[in-house]
Amino acid sequence: MAALCAQSAHAGTVQDNNGFIADSHLDVLFRNAYINRDYKAEGVRDRDEWGQGVIATYSSGFTQGPVGFGVDALGQYAVRLDGGRGRSGAGGIDFFAQDDDGRAKSDLAKFGATAKMRFSKTVLSYGTQRPELPILNADASRLLFETYTGFMLDSQEIDGLDVTAGYFTDEQQKSDDSHNSGLSHLSFAGASYKFNDQFSGAFYASNVEDVINKQYLGFKYHQPLAGKQALLFDFNGYNSRLNQDYANSISTGRSNTIWSLAASYVYDIHTFELAYQQSSGSTGYNYGGYRKNGGVGDGGNTIWLSNSYWSDFNGEDERSWQLAYSINLAGLGVPGLSYDVAYVRGDNIQTSETSNGHEHEFFNQIQYKVPDGVAKDLKLKLRYSILRVSGDAAEYNASGNEVRVYVEYPLAIF
């Protein structure tokens, strides 16, 4: 649940305050990313994009005194290495936006700044924001970061309780250096609470430009067992209601409830997971996309559900099951190396052609993070997914094979 607080507005204690300069830090992330999607449906063109990004994040400390002031800054630059006309433009990749001639941008340069003020354990900030919340999660899973502009409040005055609220008036998509995503206003509020060392929960609500109202409820429970064993339970659920005009524009109903429950058993270096996910209502779960393209506009990754890989298994009335396994190979003498594999199957998808569309995905990922030495923290990640969707559910999703290759190298400048 620690990820439920925003990076740009983390509230610390006054006693931890060493001053504006002393608590400042600058981090740089070098990210080389490639995604290829080999679509299997007839007439659907394959897509791939490859780019090199550099992301610099500066965060100051706070001036000393009862009320402290500080600033943050974010600079992003990316150059396209491949994925020009004919291969770029997939919404799920979104490395480089396309110009009017159909060509992907050759490079991107984006800058943002945030002013922040702290009183006690409460931080109020305005400027470029990257919320990491289940109700609004700025996408950082592609080449560059997605950002918002507006106010954000984060308060931790009560031990274990983290209260967050915000009002944003702009969204900058991760693949573009302009501010033309079409969002005019978005508001959200909620809290996470750690009941004890084993149990935590969260509730949030949002309104996106009178397009959608959404509520989120989540719980996590961790039960340690003897001999490096543990049981984990993770519940996530959303309730959404679309504006009637927006629902009409995408030819769907207005309401959706979707939830997932995952149970994991940890045995030393092994983790076994079983998950179930259920969508119900008159439409599927709507999230992400940009307002200018007819999307909801609440972040490209605002879906904290167990069965979310390439497909999110979020179709109308869809139900899905997952079996997953993870291993941390540090226990076998290879520190930094891990492997994850999962199989998810969904059915009962409602479309205009069927009441029982189905899909399944086989996901696997290997990741290595250099544990020490000159290249310490260098991370290499290879992901491969096979997704198959029944023909009568093609209006909901598309079959294909996906490859992702990421190489990331973070540097702490100071």
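The values are calculated or read from the model by the stated rules, or taken from the named source; none is laboratory data. What you are looking at is a predicted structure, and each value in this text was computed from that prediction instead of being measured. Cβ sites come from the backbone with ideal geometry, for glycine too, and all protein chains shown count toward neighbours. Please note that ligands, DNA and RNA were not included when accessible areas were found on the heavy atoms of the full protein model with its side chains. Shrake-Rupley method; radii C 1.70, N 1.55, O 1.52, S 1.80 Å.
Worth a mention:
- Strands (runs of 3 or more DSSP E) wholly inside segment 92-208 that include at least 3 residues being without any contact (Cβ under 8 Å) to a residue 24 or more places away in the chain and within 20 Å of Arg291 (Cα to Cα): 161-172
- Test result for Tyr34, within 30 Å of Tyr396 (Cα to Cα), among the hydroxyl-bearing types (Ser, Thr, Tyr), in contact (Cβ under 8 Å) with a residue 12 or more places away in the chain and open to solvent by 60 Å² or more (accessible area, probe 1.4 Å): yes
- Pair list, Cβ < 7 Å and 6+ apart or interchain, from segment 289-318 residues that are closer than 14 Å to Tyr238 by Cβ to residues that are in a loop (DSSP other than H, G, I, E, B) and among the acidic types (Asp, Glu): Gly299/Asp139; Gly299/Glu146; Asn301/Asp139; Ile303/Asp312; Leu305/Asp312
- Segment 398-414: number of residues that are closer than 22 Å to Ile35 by Cα and either open to solvent by 40 Å² or more (accessible area, probe 1.4 Å) or β-branched (Val, Ile, Thr) (or both): 5
- Every residue from segment 381-397 that is open to solvent by 50 Å² or more (accessible area, probe 1.4 Å) and assigned to a loop (DSSP other than H, G, I, E, B): Ala394, Glu395, Tyr396
- Close pairs (9 angstrom Cβ cut-off, 6 or more residues apart or separate chains): more than 24 Å from Ala262 (Cα to Cα) in segment 342-366, among the aliphatic types (A, V, I, L, M) and surrounded by fewer than 20 Cβ atoms within 10 Å (Cβ to Cβ) anywhere: Thr351/Ala394; Glu353/Ala394
For (1) out of contact with any Ser or Thr (no Cβ under 8 Å at 6 or more places or on another chain); (2) surrounded by fewer than 18 Cβ atoms within 10 Å (Cβ to Cβ), each residue gets a yes or a no:
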{"residue": "Ala191", "(1), (2)": "no, yes"}
{"residue": "Gly201", "(1), (2)": "no, yes"}
{"residue": "Tyr204", "(1), (2)": "no, no"}
{"residue": "Val208", "(1), (2)": "yes, no"}
{"residue": "Ile212", "(1), (2)": "no, no"}
{"residue": "Tyr238", "(1), (2)": "no, no"}
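- Of the residues examined, Gln76 is not one that is surrounded by fewer than 19 Cβ atoms within 10 Å (Cβ to Cβ), at pLDDT 90 or above and polar (S, T, N, Q).
- Filter result for the condition that a residue is open to solvent by 50 Å² or more (accessible area, probe 1.4 Å) and touching an Asp or Glu at 6+ places or on another chain (Cβ under 8 Å), over Tyr267, Tyr287, Tyr276: Tyr287
- Residue that is farthest from the chain's Cα centre (by Cα), among those in segment 46-73 that are open to solvent by 20 Å² or more (accessible area, probe 1.4 Å) and of a type in the set (S, T, N, Q): Gln64
- Conditions (1) farther than 28 Å from Tyr409 by Cβ; (2) surrounded by fewer than 20 Cβ atoms within 10 Å (Cβ to Cβ); (3) touching a helix residue (DSSP H, G or I) at 6+ places or on another chain (Cβ under 7 Å): number failed by Asp154: (2)
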